[in-house]
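Some notes on the structure that comes next.
The values are calculated or read from the model by the stated rules, or taken from the named source; none is laboratory data. Please read these numbers as outputs of a predicted model, since none were measured by experiment. Heads up: the accessible areas ignore ligands, DNA and RNA and are worked out on the full protein's heavy atoms, side chains in. Shrake-Rupley method; radii C 1.70, N 1.55, O 1.52, S 1.80 Å.
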Amino acid sequence: MGRLSASRMTEPACRIDVWLWRARLFKTRTLAASFVEEGRVRLSRAGSETRVDKPSRMVKVGEGIVFAQDGRVIAVRIERLGVRRGPPAEARALYASLGETLDGPAE
């Protein structure tokens, strides 16, 4: 097995389903988890893109997430992990759009 550096192991991370819910990209955490389990979410990490199929998959600041929802492709870069599902303005601060148009966060 390869060794992980101490800084990599202590880097803050969050479950992908929790992050998608906190960022208000999905109305419920259950809906976010179902979307992930169905393999409908892709994660860009260190230049490679992989399909995520486990809601427990950890994401970190700087990684990208791409998925299709309601006939549009949504691509975002994680800017912050957040600590709660806050109001829409707080949720928008968790990510940066990567060129796709977002109609706004789910209420």
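The solvent-accessible area of Val41, taken with every protein chain present and a 1.4 Å probe, is close to 0 Å².
Taking the square roots of 5 times each eigenvalue of the Cα gyration tensor of segment 1-91, largest first, gives ellipsoid semi-axes of 22, 16, 12 Å. Counting heavy atoms of the protein chains alone, Lys54 has an accessible area of about 130 Å² for a 1.4 Å probe. Remark: segment 75-80, residue by residue, has Karplus-estimated 3J(HN,Hα) of 10, 9, 10, 6, 9, 8 Hz, where x stands for each Gly or Pro and the curve is 6.51 cos²θ - 1.76 cosθ + 1.60 at θ = phi - 60°.
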